[in-house]
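Chemist: Input: one structure, supplied below.
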Amino acid sequence: MSELSGTARHNISFTLNGETVSGSAEPRMLLTDFLNYELGLTGNHVGCEHGVCGACTLLIDDNPERGCLTFAVQVDGRDVKTVESLAGREGDLNDLQLAFRKHHALQCGYCTPGVLMSLTAYLEHTPEPNEEELRDMLSGHICRCTGYVGMVKAALDVVEQRKAKA
Amino acid sequence: MADQIDTKPYVGQSIERVEDGILLTGRARFSDHQPTVTGTLHAAMLRSPHAHAEIVSIDKSKALAMPGVSAVLTGQDLTEMASAFLIVIKQPMQHYSLAVGKARYVGEPVAVVVATDRYKAEDALDAIEVEYRVLDAIVDPQKATKPGAPILYEEVGDNVVSTREFSYGEPDKAFAEADRVIKLTAPYPRNSQTPMEGFVVNADYIADTDSYDVASNYQGPFTSHPVMALALGVPSSRLRMRVPAFSGGGFGVKVQIFPYVVLMCLCSKVAGHPVKWVEDRLEHLSAAAAAPNRVTEIEAAVKNDGTVTAFRFDQLDDYGAYLRAPMPGPLYRMHGTLTGAYHIENLAVRNRVVMTNKCPSGMIRGFGGPQMYFAIERLMHRVAVELGLDPLDVIRKNLVPAGSFPYRAAAGALFDSGDYQTAVERAVNEGGLEDLKRRRDAARADGKLYGIGYSVVVEPAQSNMGYLSNILPAEERRKNPKGGAVSNATVNVDPLGTVSVTADSLPQGQGHATVLSQIVADELGLTPADISVNMELDTQKDAWSIATGNYSARFSSSTTVAAHKAAVKVRNKVARIASVTLNVPADQLEFADGKIFAANNPENSLKFYRVAGSAHWTPGSLPDDMDPGIRETGTWSPPELEPPNDQDQINTSLTYGFVFDYCGVEIDRDTGQVHIDKYVTMHDSGTLLNPLLADGQVYGAFSWAIGCALFEEFAYGDDGSFLSGTFADYLCPTAPEVPEPLILHMETPSIFTPLGAKGIGEGNVMSTPACLGNAVCDALDIETVSLPMTPSKISALIHAEETPPPAGGAKQAAPAPAGTGRVIKGSGETTVPAAPDEVWRTLLDPDKLAAVIPGCHSLDKVGDDSYRADVSLGVGVVRGRFRASVDMSDMDPPNSVRLSGGVQGPLGASKGAGNVRLKAVDGGTHVTYDYTVEISGKVAAVGGRMLEGAARIVIGQFFQRLVSQVGGKTAAAGTSPAGETLWQRILRAFGIGR
Ligand code: FES
Ligand code: FES
């Protein structure tokens, strides 16, 4: 990566949920702050700002990353997906979101976008995890409301549904 | 057709939540995403790095001059603009939103900067210069009560700021006549459920009307609304509080936003713009709120058959540095239920409130229940063990008898309904207790450490607003008797006959909108999807009262009733209108499937929306005495919530559910890890309004209870330094740590609430830590255990304390001994390619030394052997500027010198000392050094895991630079085969080379 001046704003442009967006940011601006305050996104949440809670998880080039540990300038030219990318245009929920609703996998919903993004990426490359593996993966997220029971059930439900479809 | 109308009520069904769509798509606007006015400024806070320190001076001039900064406020400024907060007890304990005179805990706000963005505001914090005079701190609540302890409030003269004694029945007689007296000390730690979303405040001062408009994820109780208005010096009608519909968890913590609401209001007034503040995680963990840690000494008077005839409590509740309203609530909210689920007629209580140099306490889920039940249920377990009885038999023997409801407990709680015996028997059978006992026996036969624990809990819900007045003696209470608890909800029907609902419950994830839609849909013959529920609250537009808010399991037995009442009013009104057209008396009309029809002739029907809309369109055709339009508010206050009586009895809550838990745990002999093998939890929470959501509350409470029992604690050093400032230090359970409990339900409707519902959200927070504590004590055959039961604590119980590794051999910094602050020690040696004389001169020359100290911006000689420096230091991502002072003593040129001093800055403070010894060797000087540094403030709170490494790096850098200063770069000290210089290799050996 080329060197950036610490105080200047830098122009950045990247693909966000399928559309090209651009703006400018100081090198120190966090990606989460850029998404929330510069672009006005509401789905990406910040729970700790130090990489532990997982609330800010989003996909960069389809890999789950912590938005709070990423600077906005780092995603220049890359592909970023947030929870807003999951539902269809009309707001119709995808299978994972529907399963979350069915199994009461969310209460306050603050941790939920990050969990959905992690699961989205995980189930892509691990389509048939068992419960223990799922719980292990979910350990990258802190949810204070649900006790994780609904999340595990929802994810296993989706695994079954996708298996039946395949 | 009409006979196919489905009249099955929605209440009681597990319907999916109406809230979820918007949450799952990421479109819900939490507080940080609420729109702000252009020109809104942002606040950041400078917080005390010291647990107890006099504020000698604050110089804000440099900060004010920084780009983008519009205001800087200090505690002194606040005293000129606002009043101190009202507190619950009569003591001279002034509390403002910023420290005034002295700081009393690490993390206490000392100054606030308002700037055009948060980044700039934080930049300016570094430029505020605060001079502190550090005082001795007191952290331990028991030591705080002793003479000679550092005092937080000189005006009070004692850290114990309230003591009350109570007696019910004849406790002395019962203890005198008892076969045995069994005692236990039950300490409960400081913890909090730490919602994932922190505090957010957006405040706007409107000069024309001298009023404030605030949007915040406040959760009530609105008892603190008058507290804020009085502090600001405005009538409460001029403090408009708006709470958004979505909040990222609360668990009681978010009532403690109120000092920040006042602070942002004042910032807005000074800056002339709206001001927004978003709490970060370190701020939350160090300064939001913690459940009070409590030391309970509890005794039971028992008969040999296991009957308990009396309890005696001595409760010492630690409220940290400030007593913010409604504290000391946790000590009094459970008062009526101090005999737990048992029929015990004699009770003696001493309650003491103690202040220490820790984060102020607050309402946290369970609200005094976890502390109380941990003592009671641990004691009941002890009673069984001491008498050689089965713990469950002792529980059974003492439970409040079936058939005695409503039952008045010794201290005044009026248990509305229940059948505890049946609940226990059902759980024993349906949860498979016998099987669990067999598992235990088999495990033990295998040499494993396996235990079974039990606990029973009466779970109160909907607090009596008079519960805190028991802190005053009866004579004083009589002057101003307090009781009751008002709830409000409004059902509105618009001109097209569609229905919307608002209510006073400020949900934070519990699904209130869903439940209200079920209740109103049932009453009006509609579906939940037909009802729009808006859970925002606006004190200038909505019905509210002091009880408004989301706490103490208030919703299911209060706001639901108000909503039901409002819906009944709407139904009655609509029925009267319909009765004219249908020519059927209103009381013979039914509502279902979107229609209103005659009960005996369903074909004679009208659409709900047409009838309801007509109240807007054709007001002239309404029955004579009827008001046009349809907007009905239901208001309710249950008569059972009376003020305390002259015998100090108080019905602290309206409904009382019942929880019975048991579990099996296996403890890993090597690691001390507690593995939960099976957990059964039986709940009788009255009528379940939505079983799916009820289970969600149980899972959530259980999950946090696992944290309380096994992982979570706000840790402090003896010097008051705060040691758990990140989620890597304050450990919340994640999915692998939380097993799925078996949830069982029984439904005995409450006789005091029209819908029969009781609370369910707090039970496991009260029952589970005690149940797990009992199981661990059973497994290890020990008398007491303190929470959290971490592997290190448990393995110390199994193996006795580990002896620390021998000192001396280790070159690396050693971790602090348990119980002290964040202390790092270390030692090392290196060789510098210059003679001792030259090294010595470098160390004593301010210019040269400045070049050697890593991150040094300037260094001034301020005395013969004293220096002051301005340095940048950092641990991981936490970096900041510090002022350092260094004194040199015991100087023996050019052989040895002792350095002592400290650094201070917005990120924290440290003090320490070190010795440096120089010895001439072939090719230069052999330098040996050792150091001990104590650290407090932000660096100590967040950097625990990195500090030792960081100290090594900084010290390594110091010598690296010393080497180059004295010409080491060119020193022909030999190179390794890989081309490394000797110095690089030495530095690598210290773990600091590149
Ligand atoms: S906010 Fe990024 S991990 Fe917590
Ligand atoms: S749903 Fe609230 S934190 Fe997970």
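The values are calculated or read from the model by the stated rules, or taken from the named source; none is laboratory data. Here the structure is a predicted model, which means the values were calculated and not measured. Ideal geometry is used to build each Cβ from the backbone, glycine not excepted, and the neighbour counts take in all protein chains shown. For accessibility, only protein heavy atoms count, side chains too; no ligands or nucleic acids. Shrake-Rupley method; radii C 1.70, N 1.55, O 1.52, S 1.80 Å.
Chemist: Give me the one-decimal Kirkwood hydrodynamic radius in Å for the stretch B:486-636, with the sum taken over alpha-carbon pairs. Provide the component values of the computation, followed by the final result.
Modeler: Numbers: mean 1/r = 0.0639 Å⁻¹.
For the stretch B:486-636, inverting the mean 1/r across all distinct Cα pairs yields 15.6 Å.
Chemist: Could you provide, to the nearest whole Å², the per residue accessible area of the stretch B:334-417 with probe 1.4 Å? If you can, show how the numbers build up before the last one.
Modeler: Numbers: 1700 Å² over 84 residues.
Each residue of the stretch B:334-417 exposes 20 Å² on average to a 1.4 Å probe.
Chemist: At a 1.4 Å probe, which residues in the stretch B:729-756 are at least 40 Å² less accessible with all protein chains present than in their chain isolated?
Modeler: At a threshold of 40 Å² (probe 1.4 Å), the residues of the stretch B:729-756 that become less exposed are B:THR734, B:ALA735, B:PRO736, B:GLU740.
Chemist: Given Cα positions, please report Rg to Rh for the stretch B:220-307, the hydrodynamic radius being the Kirkwood one.
Modeler: 1.22
Chemist: Return one whole number: the accessible area per residue of the stretch B:486-636 in Å², for a 1.4 Å probe. Could you put the intermediate results ahead of the total?
Modeler: On the way: 5870 Å² over 151 residues.
Counting only protein heavy atoms, the per-residue value for the stretch B:486-636 is 39 Å².
Chemist: Hey, what's the Cα Rg ratio for the stretch B:676-761 versus the globular rule of thumb, 2.2 N^0.38 Å?
Modeler: Details: Rg = 17.3 Å, N = 86, 2.2 N^0.38 = 12.0 Å.
The value comes to 1.45.
Chemist: Give me the percent relative contact order of chain B, please, defined on Cα pairs under 8 angstrom at least 6 residues apart. Before the final figure, lay out the partial values.
Modeler: Values: 2478 pairs, mean separation 126.2, N = 994.
Normalised by residue count, the contact order of chain B is 13 percent.
Chemist: Now for a different question. DSSP loop (so not H, G, I, E, B), at most 13 other Cβ within 10 Å: list which GluC sites (Glu not before Pro) in the stretch B:140-181 pass both filters.
Modeler: On the way: sites: B:GLU154, B:GLU155, B:GLU165, B:GLU177; in loops: B:GLU154, B:GLU155.
Passing sites in the stretch B:140-181 are B:GLU154, B:GLU155.
Chemist: Short version: which residues of the stretch A:143-162 lose at least 50 Å² of accessible area, all chains versus chain alone, 1.4 Å probe?
Modeler: Correct list: A:ARG144, A:TYR148, A:VAL149.
Chemist: What accessible area, summed over both chains, is buried at the A-B interface (1.4 Å probe, Å², nearest 100)? Display every interim value, and only then the final one.
Modeler: Details: alone 9040 and 38510 Å², together 43390 Å².
Between A and B, the summed buried area is about 4200 Å².
Chemist: Okay, moving on. Please list B:HIS273, A:HIS45 in order of solvent-accessible area, largest first, computed with a 1.4 Å probe with all protein chains present.
Modeler: Numbers: B:HIS273 80, A:HIS45 5 Å².
From most exposed to least exposed: B:HIS273, A:HIS45.
Chemist: Per residue in the stretch A:77-115, which ones lose no less than 50 Å² of accessible surface when going from chain alone to all protein chains (1.4 Å probe)?
Modeler: With the partner chains in place, the stretch A:77-115 has these residues losing at least 50 Å²: A:ARG101, A:HIS104, A:LEU106, A:GLN107, A:CYS108, A:TYR110.
Chemist: Counting only helical runs of four or more DSSP H residues, what would the 222 nm mean residue ellipticity of chain B come to if each run contributes -39,500 (n - 2.57) and the total is spread over all its residues?
Modeler: Values: 26 runs with 271 residues, N = 994.
That comes out to -8000 deg cm²/dmol.
Chemist: Scattering from the C-alpha atoms of chain A alone, worked out with Debye: what is log10 I(q)/I(0) at q = 0.09, 0.10, 0.21 1/Å?
Modeler: So the normalised log intensities work out to -0.31, -0.38, -1.39.
Chemist: Residues of chain A: accessible area per residue at 1.4 Å, in Å²? Before the final figure, lay out the partial values.
Modeler: On the way: 6950 Å² over 166 residues.
It amounts to 42 Å² per residue over chain A.
Chemist: Translational diffusion coefficient, Stokes-Einstein: compute it for the stretch B:363-513 using the Kirkwood radius over C-alpha pairs as Rh, at 20 °C and 1.002 mPa s, and state it as an integer in µm² s⁻¹. Don't jump to the answer; show the numbers that get you there.
Modeler: Values: Rh = 20.3 Å.
Answer from the Stokes-Einstein relation: 106 µm²/s.
Chemist: Assign unit charges at the C-beta atoms only (+1 for Lys and Arg, -1 for Asp and Glu), then state the dipole size of chain A relative to its Cα centre in Debye, rounded to the nearest 20. Provide the component values of the computation, followed by the final result.
Modeler: On the way: 14 positive and 23 negative charges, 81 e Å.
For this selection, approximately 380 debye.
Chemist: Over all directions, how big on average is the projection of the convex hull of the alpha-carbon atoms in the stretch B:308-409, in square nanometres? Don't skip to the answer; put the middle values down first.
Modeler: On the way: hull surface 30.1 nm².
Dividing the Cα hull surface by four gives the mean projection, 7.5 nm².
Chemist: With the full set of protein chains in place, find how many percent of the accessible area of the stretch A:10-85 is carbon and sulfur; take the probe as 1.4 Å. Please report the intermediate quantities before stating the final value.
Modeler: Working: 1180 of 2800 Å².
Ligands and nucleic acids excluded, carbon and sulfur give 42 percent.
Chemist: Ignoring ligands, DNA and RNA, what percent of the 1.4 Å accessible area of the stretch B:397-484 is carbon and sulfur? Show your work: numbers first, answer last.
Modeler: On the way: 1660 of 3410 Å².
Exposed carbon and sulfur together represent 49 percent of the surface.
Chemist: Regarding the stretch B:648-718, what are the three Cα extents along the principal axes, ordered largest first, in Å?
Modeler: Cα spread of the stretch B:648-718 along its principal axes, largest to smallest: 46, 35, 22 Å.
Chemist: Sticking with this structure for a sec: Given the convex hull over the Cα atoms of the stretch A:10-85, what projected area results after averaging over all orientations, in nm²? Please list the in-between numbers first.
Modeler: Values: hull surface 16.9 nm².
Seen from a random direction, the Cα hull of the stretch A:10-85 projects 4.2 nm² on average.
Chemist: How large, in percent, is the carbon and sulfur part of the accessible surface of the stretch B:49-116 at a probe radius of 1.4 Å? Working shown, then result.
Modeler: Details: 1360 of 2490 Å².
So the carbon and sulfur contribution to the accessible surface is 55 percent.
Chemist: Sticking with this structure for a sec: In this model, which of B:LYS90/B:LYS938; A:LYS102/A:LYS163; B:LYS276/B:LYS358; B:LYS793/B:LYS825 are farther than 28 Å apart at the alpha-carbon?
Modeler: Working: B:LYS90/B:LYS938 34 Å; A:LYS102/A:LYS163 19 Å; B:LYS276/B:LYS358 26 Å; B:LYS793/B:LYS825 24 Å.
Exceeds cut-off: B:LYS90/B:LYS938.
Chemist: Take the Cα radius of gyration of the protein assembly as shown and divide it by 2.2 N^0.38 Å, with N its residue count; two decimals is plenty.
Modeler: Numbers: Rg = 31.7 Å, N = 1160, 2.2 N^0.38 = 32.1 Å.
With N residues counted in the protein assembly as shown, Rg over 2.2 N^0.38 Å equals 0.99.
Chemist: So for the protein assembly as shown: antiparallel DSSP bridges make up what percent, rounded to the nearest 5?
Modeler: Values: 181 of 208 bridges.
The antiparallel proportion sits near 85 percent.
Chemist: Quick one: plug the Kirkwood hydrodynamic radius of the stretch B:155-203 (C-alpha pairs) into Stokes-Einstein at 4 °C, 1.567 mPa s, and report D in µm²/s.
Modeler: On the way: Rh = 17.1 Å.
So the translational diffusion coefficient is about 76 µm²/s.
Chemist: Next question, about the same structure. Would you mind estimating how fast the stretch A:95-165 diffuses translationally, via Stokes-Einstein at 25 °C and 0.890 mPa s with the Kirkwood radius over Cα pairs, in µm²/s? Please list the in-between numbers first.
Modeler: Details: Rh = 11.9 Å.
Answer, rounded: 206 µm²/s.
Chemist: Give the Rg/Rh ratio for the stretch B:106-227, taking Rg as the radius of gyration of the Cα atoms and Rh as the Kirkwood radius, to two decimals. Write down the numbers at each step before the final one.
Modeler: Working: Rg = 23.6 Å, Rh = 21.3 Å.
So for the stretch B:106-227, dividing Rg by the Kirkwood Rh gives 1.11.
Chemist: Please report, in whole Å, how far the alpha carbons of chain B spread along each principal axis, starting with the longest.
Modeler: 114, 73, 63
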